Amino acid sequence: MNPFSRRRQGPPGHPRKNAPPGRGRPPLAALRAVPWRHDLPASLVVFLVALPLCVGVAVASGVPAELGLVTGIVGGLVVGLLPGSSLQVSGPAAGLTVLVAEAVQRFGVAALGPLVLGTGLLQLAMGALRLGRWFRAMSASVVHGMLAGIGLTLVSGQLYALADRRAPGTGPQKLAGLPALLTDAATAAASPSAVALGLGTLLVLVGWKYLPGRAARAVPAPLAAVGLAAAVTAAADLPVVRVRVSGLLDVVHLPQPATLGALAGTAGLGTVVAFTLIASAETLFSAAAVDRMHHGPRTDYDRELTAQGLGNTVCGLLGALPMTAVIVRSAANVQAGARTKAARFLHGLWLLLFTALLPGVLGLVPLTALAAVLVHAGAKLVPLRRIVALCRGHRGEALVLGVTAVAIVATDLFEGVLIGVGLAVVKSAWQTSHLQIAVEEVVLTTGRPLHRVRLTGNATFLRLPRLLDTLERLPGDRPVELDWSGLRHLDHACTLALTSWADQHRATASAPLAVEPPLPTVV
C-alpha cells in the first residue's frame, strides 16, 4: 500500500482513484497524490524541532550527539513509512534520558546497541500479542495534562539553552533557577548576544503569521526564524554556541559478541524491560494525544507498537539511542499542517542530508535559535483554553489535568502519567459510587411510627461510612424497613456491613426490622 496515502480505497466495482502502486496505479500517480504544499513545509518544521531534540537528548544521555541523530533518522525513514499512526513522529526522547545515562555508565556505550535491540524485539512481541490497544483507555484530562507537563518541562529547560546556559538536571531545579536566570539575562551576566538572538527568534516566531501577504506566510515561521538567526550570526560573527556535528559513520557500530554480555545478567534484562515499558507507554500515550489534535485517521495501537519495535531493532543494530514517538515533534507536525506520512518521512531525510552531507550548514545554526523554536513549541502544548473551560465546569477534571502536569514536571513523563491515571481512576470510582440514602418516617395504621430507609445508586466501600452512620442513628424502639431494591450495584463490603447491622439490630432493638428484598447470604 502507498505509505504516503491516507485515503481509503473505494468499494469493489468502482474506480479507485487512490489505488496503491501495483494495483492499477502507477508510482508517479502515488507521488502526485501527496499534498506537497502541506507536507513539505511541515517536514521542514519538524526537522527544525527534531534537530535540537536529537542533539540535546544524546548529550544529556552521555553519548555522542550523532547517535541521537541516527535515531531521529531511523524514526523518519523507517518508522515514518510503517502503518500505525500517520502523523506521529519518532526519535530519541527525554523520557529515557536518565535510564540511558545509567545504562551507559554501567555497561558502556558499546553495550547500548544490544540493550536497544532487546527493547525492539520485545516491542515486536508485544505488538504481535496485540497489547497496544490497552493503552487506548486514557482520560482526556490526563492526555491534556501530559501535554501541559511536557510543554512546561520543555520551556523551563530550553530557556537556559536560549541564554547559552546549562540547564539543571530535574524539573523542580529548572523552575527554581528561572528567577536567577532572568536576573542574569536582564543584567547582562548571561551571554547578551545569545539572549538577544533567542528573544529575536521568539519574536519572529510569534509575529510571523501576522505579516501581510501570502508569500511571507507560505514560509514556515520556524524555518524563517532560524534562517534569519543563522544569517545574523554569520554576518555579525556573534559569539554564540552553534550546532556541532561530525560524520555519522564514525559512531555507528554493529553489536559485537563481547557486548552481548550486557543482556546476560539481571541488571541488563531489567534495563531492557524498563526501556520497553517506558518507550511503549510514552509512544502510545502520545498517540492518544496526537489523535485528539487532528481529524485524520486514528492510530492503530498494535501496529504502532510493532512499528516502534522495528525502529528500535534497527537502532539497536546501529548502536543508537532507543526510540519513542515524541509528542513535541508530533504536535509540531500536526500544527504545521501535515496531512500524510510523507511529512515525517521527509523530516528523517532532511536529518540525513544535513548531518551526513552538509554538516557545515548546520554549523551556521546557533543553538539559542533552536532553543527559541522549542520554547515556542512547548508553550503551545499548554492547553490554556482547555484549563479555563475545565475550571469553570468540571473542576475534578481540571484537578486531574493539573496534578498530571505538575507530576510530570516534578518526576518524569512515565511516572507523571501513572499518577494522573491513578487520580483519574480514583475520581471516576468516587463519582460512580454515588449512593442516595432516603430516610422517611411513616405512621402505621396502629399509630406507631415506622422508619423507611431507601437505598438507590451504587453501594460501594467508598460510601460505607456514610451508610453505617445513617443506619446506626436509627432508634431501636421503632420498626425499620430497609428497601435496597433501587441499588444498581452492591459490593461485598457493603453486603457484609448491611448483614451485620441487620443481625445486630434484630438482636438489640425492641422493634422489628423488615428487609426488602432479603439480603444475600455472605460467605
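Couple of notes before you dig in:
- Residues located in the range 79-98, provided they are out of contact with any Phe, Trp or Tyr (no Cβ under 8 Å at 6 or more places or on another chain), open to solvent by less than 20 Å² (accessible area, probe 1.4 Å) and of a type in the set (A, V, I, L, M, F, W, C): VAL79, LEU87, VAL89, ALA93
- From the list ASP237, ASP184, the one residue that fits, being among the acidic types (Asp, Glu), at pLDDT below 90 and open to solvent by 60 Å² or more (accessible area, probe 1.4 Å), is ASP237.
- Residue match in the range 472-481 (condition: surrounded by 16 or more Cβ atoms within 10 Å (Cβ to Cβ) and assigned to a helix (DSSP H, G or I)): no
- One residue from ALA502, ALA507, ALA459 being of a type outside the set (Val, Ile, Thr) and within 44 Å of the chain's Cα centre (by Cα): ALA459
- VAL104 passes every criterion in (1) buried (at least 23 other Cβ atoms within 10 Å of the Cβ); (2) closer than 28 Å to GLY171 by Cβ; (3) not hydroxyl-bearing (Ser, Thr, Tyr) apart from (1).
- Residues of the range 345-378 that are touching a Pro at 6+ places or on another chain (Cβ under 9 Å), small (Gly, Ala, Ser) and open to solvent by 10 Å² or more (accessible area, probe 1.4 Å): ALA377 alone.
- Top-ranked residue of the range 240-271 - restricted to ones that are open to solvent by less than 90 Å² (accessible area, probe 1.4 Å) and of a type in the set (S, T, N, Q), ranked as farthest from LEU53 (Cα to Cα): THR259
- Entry remark, the range 187-199: residues being crowded, with 20+ Cβ neighbours inside 10 Å and not in a loop (DSSP other than H, G, I, E, B) number 4 in total.
- Among (1) open to solvent by 50 Å² or more (accessible area, probe 1.4 Å); (2) closer than 25 Å to THR119 by Cβ; (3) among the aromatic types (Phe, Trp, Tyr), the one test that PHE275 misses: (1)
- Count of the range 487-513 residues which are surrounded by fewer than 13 Cβ atoms within 10 Å (Cβ to Cβ) and either closer than 19 Å to LEU435 by Cα or touching an Asp or Glu at 6+ places or on another chain (Cβ under 6 Å) (or both): 4
- Residues of the range 272-312 that are in a helix (DSSP H, G or I) and hydroxyl-bearing (Ser, Thr, Tyr): THR276, SER280, THR283, SER286, TYR301, THR306.
- Cβ-Cβ under 6 Å pairs, at least 6 apart or on other chains, the range 368-393 side under 15 Å from ALA163 (Cβ atoms), far side open to solvent by 10 Å² or more (accessible area, probe 1.4 Å) and outside any helix (DSSP H, G or I): THR368/VAL240
- Scope the range 217-226; condition of a type outside the set (D, E, K, R) and surrounded by fewer than 17 Cβ atoms within 10 Å (Cβ to Cβ); matching residues: ALA218, VAL219
- The lone exception for PRO212 - which of (1) in a loop (DSSP other than H, G, I, E, B); (2) at pLDDT below 85; (3) surrounded by 14 or more Cβ atoms within 10 Å (Cβ to Cβ) it fails: (3)
- Here SER246 fits the description: at pLDDT below 85, out of contact with any strand residue (DSSP E or B) (no Cβ under 6 Å at 6 or more places or on another chain) and of a type in the set (Ser, Thr, Tyr).
- Lone unmet requirement of (1) in a helix (DSSP H, G or I); (2) farther than 15 Å from LEU370 by Cα for ALA231: (2)
- Qualifying residue in the range 509-523 (condition: under 14 Å from HIS451 (Cα atoms), among the charged types (D, E, K, R) and in a loop (DSSP other than H, G, I, E, B)): no
Conditions tested, residue by residue: (1) surrounded by 24 or more Cβ atoms within 10 Å (Cβ to Cβ); (2) within 28 Å of ALA194 (Cβ to Cβ); (3) not aromatic (Phe, Trp, Tyr).
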position: GLY132; (1), (2), (3): yes, no, yes
position: ALA140; (1), (2), (3): no, no, yes
position: MET146; (1), (2), (3): yes, no, yes
position: ILE150; (1), (2), (3): yes, yes, yes
position: LEU154; (1), (2), (3): no, yes, yes
position: LEU162; (1), (2), (3): yes, yes, yes
position: ARG166; (1), (2), (3): no, yes, yes
position: GLY171; (1), (2), (3): no, yes, yes
position: LEU175; (1), (2), (3): no, yes, yes
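- Residues within the range 136-165 that are outside any helix (DSSP H, G or I), among the aliphatic types (A, V, I, L, M) and at pLDDT below 85, tallied: 2
The values are calculated or read from the model by the stated rules, or taken from the named source; none is laboratory data. If you're wondering where the values come from, they're calculated on a predicted model, not measured in any experiment. Note: ideal-geometry Cβ built from the backbone for every residue, glycine included; neighbour counts use all protein chains shown. The accessibility values were calculated without ligands, DNA or RNA, using every heavy atom of the protein model including side chains. Shrake-Rupley method; radii C 1.70, N 1.55, O 1.52, S 1.80 Å.
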